[in-house]
């Protein structure tokens, strides 16, 4: 019936949106690290995020279109996606994150080879031309303005990239890496291209606001990454055992999945807050003791 179809689509959309939004939160860790590494002034971060989101929507749209075709043509690929998600979740749970240096990333190195990159930010420009007003006036609030040797060495009129472009390219590359996890995850919930794309679109559209809301406090949620890993494993298992689970749980199967995803994410947030609160109490108890001892 229309009601049942609408109910099922709504539950699938909300579940997909939550999974995509929670994985987007993990993306914020990396974006914050990139902004810090490249020294992007706060006044230009919104520009990078805006164009990063536009690029992410186009890229994910293409990936979803390819994924839908693969699933319709090769039904067995859903099991490949499921196994991939379980392996990814297990790696997130048990492997320690390696210290990354964006400066040595192959994408950054390739960009530097293709285009000369200025030493300074030049306003909100991604590109400048040597000899232009933008090229002559490096703008980096809080730092001394000194001659840009890359601009001075370039022939007049030469097209130069700025560090802001490098940051944007790395943000896009990061989203591509995260999309490799998140797109299969949404296909575990539904193969309807409309639901897959819209849940992705609305999860990504809120990323810019979410970044500015959470960038300063996201390190407090240390168990959120564990919760995300568990969600990926659960979604992967759902992909592998979809038919059996649907027979076992009946038509409310997707509602149960939504409840489990919500419970896991909430548990990660609550556990993080409890641990943070315990640390604060321990620190507050230790300080008077230290003062008394002094």
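Quick check on region 124-134: of everything there that is in a loop (DSSP other than H, G, I, E, B) and more than 26 Å from the chain's Cα centre (by Cα), which residue is modelled with the lowest pLDDT?
Applying the first criterion (in a loop (DSSP other than H, G, I, E, B)) to region 124-134 yields 124-126, 130-132.
Imposing the further condition that a residue be more than 26 Å from the chain's Cα centre (by Cα) reduces the set to 130-132.
Numbers: 130: 73, 131: 65, 132: 62.
Ranking the qualifying residues of region 124-134, first place goes to 132.
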(message) Within region 34-48, does at least one residue satisfy the condition of being within 30 Å of residue 258 (Cβ to Cβ) and in contact (Cβ under 8 Å) with a residue 40 or more places away in the chain?
(response) no
(message) Quick test of your reading of the structure: residue 40 fulfils all but one of (1) more than 24 Å from residue 21 (Cα to Cα); (2) over 19 Å from the mean Cα position of the chain (by Cα). Name the failing condition by number.
(response) (2)
(request) Identify all residues within region 248-294 that are more than 27 Å from residue 226 (Cβ to Cβ) and either surrounded by 13 or more Cβ atoms within 10 Å (Cβ to Cβ) or modelled with pLDDT of 85 or more (or both); write none if there are none. (result) 252
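Just to be sure I understand, how many residues within region 49-71 are touching a residue at least 60 places away in the same chain (Cβ under 8 Å) and over 19 Å from residue 203 (Cβ atoms)? Spell out the reasoning first.
Within region 49-71, the subset touching a residue at least 60 places away in the same chain (Cβ under 8 Å) is 49-53, 55-57, 59-61, 63-65, 67-68, 71.
Next, from what is left, pick out any that are over 19 Å from residue 203 (Cβ atoms): 71.
Number satisfying all stated conditions: 1.
Can you find a residue in region 36-44 that is part of a helix (DSSP H, G or I) and within 16 Å of residue 186 (Cα to Cα)?
Here is the first cut: in region 36-44, the residues part of a helix (DSSP H, G or I) are 36-38, 42-44.
With the extra rule that they be within 16 Å of residue 186 (Cα to Cα), the set shrinks to none.
No, the conditions are met nowhere in region 36-44.
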(message) For region 170-211: of the residues being modelled with pLDDT under 85 and in a loop (DSSP other than H, G, I, E, B), which is farthest from residue 84 (Cα to Cα)?
(response) 206
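The values are calculated or read from the model by the stated rules, or taken from the named source; none is laboratory data. None of these values were measured; they are calculated from a predicted model. So basically every Cβ, Gly included, is an ideal-geometry build from the backbone, and we count neighbours across all protein chains shown.
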